[in-house]
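Working notes for the structure below.
The values are calculated or read from the model by the stated rules, or taken from the named source; none is laboratory data. Computed from a prediction, not measured in an experiment: that's the story for all the values here. Neighbour counts run over all protein chains shown; Cβ positions are idealised from the backbone, glycine included. When the accessible area is computed, the model is the full protein with side chains, heavy atoms only, and any ligands, DNA or RNA have been set aside. Shrake-Rupley method; radii C 1.70, N 1.55, O 1.52, S 1.80 Å.
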Amino acid sequence: MNTFNLTRLLCCLATASMLFFAQAASSENAISGSVYNIIPIPANIQPGKGTFTLTEQGAKVYVQGASAAFSNYIQQSALKCKVTKKRSDANIAIVVGSKASKKIATEGYFLTISPKRIDVVASTEQGAFYAIQTLLQMTQMGELRTIDCCTVADEPRFPYRGLHFDVSRHFFSKEFLIKQIDAMALLKLNRMHLHLTDGAGWRLQIDRYPRLTSFAAWRPAKTWQEWTKCETKYCDQNDPDAHGGFYTKDDIREVLAYAESRHITVIPEIEMPGHSEEAVAAYPEVSCDGTGKGGDFCPGKEATFQFLENILSEVIDLFPSHYIHIGGDEAGKGAWKTCPDCQRRMKEEGLNSLDELQSYLIRRIEKFVNSKGRDIIGWDEILEGGLAPNATVMSWRGTSGGIKAIKAGHDVVMTPGELYLDHTQDAPFKEPMSIGGYGSLQVTYDFNPVDPSITQQELKHLLGVQANLWTEYVPTPEHAEYMYYPRTFAVAETGWSRAEDKNYEKFRPRAVELCNILQKLGYNTFDLSNEYGNRRESLQPVQHLAKGCKVTYQQPFSKAWPSHGATTLTDGELGGWTYADHKWQGLLKDLDVVIDLGKLQPVHYVGATFMHLPGPGVYVPRSMQVEVSADGKNYESIGTLWNDIDDKIPDLLFKTFSLTCNRQARYVRVHAVNGKEFIFVDEIIVN
């Protein structure tokens, strides 16, 4: 081959190579956004042909039937659109409230994306706003300028889709709340629940009672854990050691205005009668003994009702939400037993129990709130002693309280443990300290709020779902975001999308992508792409001699934590990171059981694993003894094992007690001595 031809060939190869890489780059740049990648997944999607391109200069948008604020929002959004007054000039048209929209649900929308234009039809501005959130996610907040053509008919499954913010245990600024409102809006969540008062601090300006914010909003400890160890619980705002904070009414007005622009209702919570240590410390005259000690308001004193009504009047004047949350959970009621005012009240009102006395308080408060044109909502303890007539229930102790309220004709929001975001979301050994429990993204996603016992007629009383983040162990805004996201994505999809469209395997990659988007926007999300997952031992069943064998209990297991009852300890299932996974069995007394192996056979190993988690009172037993018998009458001890874990270690730990032996036996007795509160065991393995 001569030099000329060789040079030509090399030039041709170089040109071909350049064309190849140019095409590859062009193909890579041509990635388009898909509606199938967004959260929550829409109700109905019909794929189209081709793509729509948003130019870098921005599309022209025509808006009809919506407010000027809505038009401004679109122009300021990441879509980079410009509003035009002529529909003929626009390549995006948004029409609200036309005849064509009459059959569209209040929060629903109809979206059509074709190669040349985008059309949005909605019956309300809120529905049109949610169509914009769909487009924002499809474009990855404006980064992708090309999106796939499709037709979407979308509406929410439930009207209430909430997220809870505990700003009492650790105070977070108004800027933090506003930032989270943007994330909520992107996920089509529509209720922000503010837990404004609790023992750790009062967080709302009340003009009539200034000491609530000059004293009860401040503590001589930065974190909740430090505060619980303080002898002096509260201090003046100007104390050099003061930590805390509160929202002025102007702060709240700013948050409310921003939330309204994102179609989110802010629901205030003023706790009563329990979780009120800070309020009674500031105004001791509303406590039972008048000293301000204890955590409960005194329902026997008229001064208490005057105090609460004055506070609620200011709250109602400030917050436009239909619901006022009055707490109602975990009231100790101890002082009520001997309080002369409470006992007099019970006698005068014909009340037979302290639960009925609490119900008396709730009912009186409800009448007052109703007189202001609002309704109360509270945790499921407000069911105790009889539910107030118009109250709505937040069911947090599982779903049973919610189901009971629904059956009685009351509206309910489901918010059980599966939706508690203060639980660790991954292997505890790699996560920040938490209150305990394990609530992975899948655990949160798999929760179904509709119990099979709820009839179609009763379903109208199930308003929706809410995720809760309690912040005892969450001291910073960055930590809070880490706990919220991506699990909030799962709650959003449960609240919005149809049950039949939920699929975790398809949801997870969408959640990873949305985490990436939020991170670029400055949110501190959990690293879902590097998730460790559940305790490895729990992922596969274990085979052993005792599997499926009968277990006889000498001491009963806890009714609160039965797992699968008498079959739990020999079902071949090992527990995960949390005792709430229905694989761990709890006992308040000793574990003392006899396993019948069915026949005489060689026994070489007996072992059982126990959990250590002091926060909720879970401890490894003091000791474990193993005995074997051939006839079930005469037992031989094969050894005793002792606990070596310090009770003060706060971390989640597991300890396996195990013994080896060489015996012929049919019956195996395991006796673990309870040293403190709960013991939790998952399986007794015999080989």
Legend entry - Accessible-area ranking of I377, I638, largest first, probe 1.4 Å: I638, I377
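Relative contact order of region 548-687: what whole-number percent is it, with Cα pairs under 8 angstrom and at least 6 residues apart?
Here the relative contact order equals 35 percent.
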Inset, instruction - Pick out, from S563, I118, L588, the residue whose Cα sits farthest towards the positive end of the charge dipole of the chain, with +1 on the Cβ of Lys and Arg and -1 on the Cβ of Asp and Glu. - result: I118
Inset, instruction - Mind listing the long-range amide H neighbours of G33? Cut-off is under 5 Å, sequence gap 5 or more, other chains count too, H placed in the peptide plane at 1.01 Å from N. - result: T146, I147, D148
Inset, instruction - Identify, among P432, L186, Y160, the residue whose Cα sits farthest towards the positive end of the charge dipole of the chain, taking +1 on the Cβ of Lys and Arg and -1 on the Cβ of Asp and Glu, with the dipole about the Cα centre. - result: L186
Inset, instruction - Only Lys, Arg, Asp and Glu count, each charged at its Cβ (+1, +1, -1, -1), so figure out the dipole size of the chain about its Cα centre, rounded to 20 debye. - result: 2100 debye
Inset, instruction - Would you kindly find the accessible area of E254, with a 1.4 Å probe and non-protein molecules such as ligands, DNA and RNA excluded, rounding to the nearest 10 Å²? - result: 90 Å²
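Kindly provide the helix-only [θ] at 222 nm of the chain, computed as the sum of -39,500 (n - 2.57) over DSSP H runs of four or more divided by all residues, to the nearest 500 deg cm²/dmol?
-8500 deg cm²/dmol, from helical runs alone.
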Inset, instruction - Would you mind putting 589-596, 57-64 in packing order, based on average other-beta-carbon counts within 10 Å, highest first? - result: 589-596, 57-64
Legend entry - Interchain or long-range residues, amide H under 5 Å from C288's placed H: C298
Inset, instruction - Any chance you could check the Cα centroid distance between region 506-585 and region 85-146 for me, in angstrom? - result: 42 Å
Inset, instruction - Give the cross-link partners of K179 among the aspartates and glutamates, using a straight C-alpha distance below 18 Å as the criterion and excluding same-chain residues fewer than 8 apart. - result: D166, D250, D251, E254, E260, E478, E481
Legend entry - Relative contact order for region 473-611, counting Cα pairs under 8 Å that sit 6 or more residues apart, in percent: 21 percent
Inset, instruction - Would you mind working out the magnitude of the charge dipole of region 189-277 relative to its Cα centre, with +1 at each Lys and Arg C-beta and -1 at each Asp and Glu C-beta, to the nearest 20 Debye? - result: 160 debye
Inset, instruction - About the Cα centre of region 111-247, how large is the charge dipole given +1 on each Lys and Arg Cβ and -1 on each Asp and Glu Cβ? Please answer in debye to the nearest 20. - result: 120 debye
Inset, instruction - Using every Cα-Cα pair within region 178-231, state what percent have a distance larger than 19 Å. - result: 49 percent
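Note down the Stokes-Einstein diffusion coefficient of region 400-535 in µm²/s, whole number, using a Kirkwood radius over alpha carbon pairs, 20 °C, and 1.002 mPa s.
135 µm²/s
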Inset, instruction - Could you run the Karplus curve 6.51 cos²θ - 1.76 cosθ + 1.60 with θ = phi - 60° over region 163-176 and give me ³J(HN,Hα) per residue in whole Hz, x for Gly and Pro? - result: 9, 9, 10, 8, 9, 8, 4, 9, 7, 10, 5, 5, 5, 4
Inset, instruction - Can you tell me which of 642-651, 391-400, 339-348, 536-545 comes out highest on packing, and rank the rest after it, using the mean Cβ neighbours within 10 Å? - result: 391-400, 339-348, 536-545, 642-651
Inset, instruction - Would you work out if region 540-583 is rounded, prolate or oblate? Take a ≥ b ≥ c from the square roots of the eigenvalues of the alpha-carbon gyration tensor; rounded if a/c is under 1.5, else prolate when a/b is larger than b/c, oblate otherwise. - result: oblate
Legend entry - Calculated from backbone phi, Karplus (6.51, -1.76, 1.60) coupling profile of region 486-496 in Hz, x at Gly/Pro: x, 4, 4, 4, 5, 5, 4, 5, 5, x, 9
Inset, instruction - Apply the Karplus parameterisation 6.51 cos²θ - 1.76 cosθ + 1.60, with θ equal to phi minus 60°, to every residue of region 434-445 and state each ³J(HN,Hα) to the nearest whole Hz, in sequence, with x for glycine and proline. - result: 9, 6, x, x, 10, x, 5, 4, 5, 4, 5, 5
Inset, instruction - State the volume of the convex hull built on the alpha-carbon positions of the chain, expressed per residue in Å³ and rounded to an integer. - result: 243 Å³
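Sort 225-234, 474-483, 349-358, 125-134 for me by packing, meaning the mean count of neighbouring Cβ atoms within 10 Å per residue, highest on top. Write down the numbers at each step before the final one.
Working: 225-234: 13.7, 474-483: 19.7, 349-358: 15.9, 125-134: 22.5.
Most protected by this proxy first, the peptides run 125-134, 474-483, 349-358, 225-234.
Can you list the equivalent-ellipsoid semi-axes of region 166-301, largest first and in whole Å, using the square root of 5 times each Cα gyration tensor eigenvalue?
Output for region 166-301: semi-axes of 28, 17, 13 Å.
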Inset, instruction - For K229, go through the lysines and keep the ones whose alpha-carbon is under 18 Å away, minus same-chain ones fewer than eight residues off. - result: K293, K648
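Indicate the gyration tensor shape class of region 25-159 (rounded, prolate or oblate), computed on the Cα atoms with a ≥ b ≥ c the square roots of the eigenvalues: a/c under 1.5 is rounded; otherwise a/b larger than b/c is prolate and the rest oblate. Working shown, then result.
Details: a/c = 1.72, a/b = 1.22, b/c = 1.41.
Oblate, because a/c is 1.5 or more while a/b does not exceed b/c.
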Inset, instruction - Collect residues whose amide H, placed 1.01 Å from N in the peptide plane, falls under 5 Å from the amide H of S497; neighbours closer than 5 in sequence don't count. - result: R157
Legend entry - Shape box of region 42-101 [Cα atoms, principal axes, largest first, Å]: 33, 32, 23
Inset, instruction - Return the inverse of the average 1/r over all pairs of distinct C-alpha atoms in region 428-496, which is the Kirkwood hydrodynamic radius, in Å to one decimal. - result: 14.0 Å
Legend entry - Solvent-accessible area, 1.4 Å probe, carbon plus sulfur percent, for region 518-651: 51 percent
Inset, instruction - Could you work out the per residue convex hull volume over the alpha carbons of region 329-435, in cubic angstrom? - result: 139 Å³
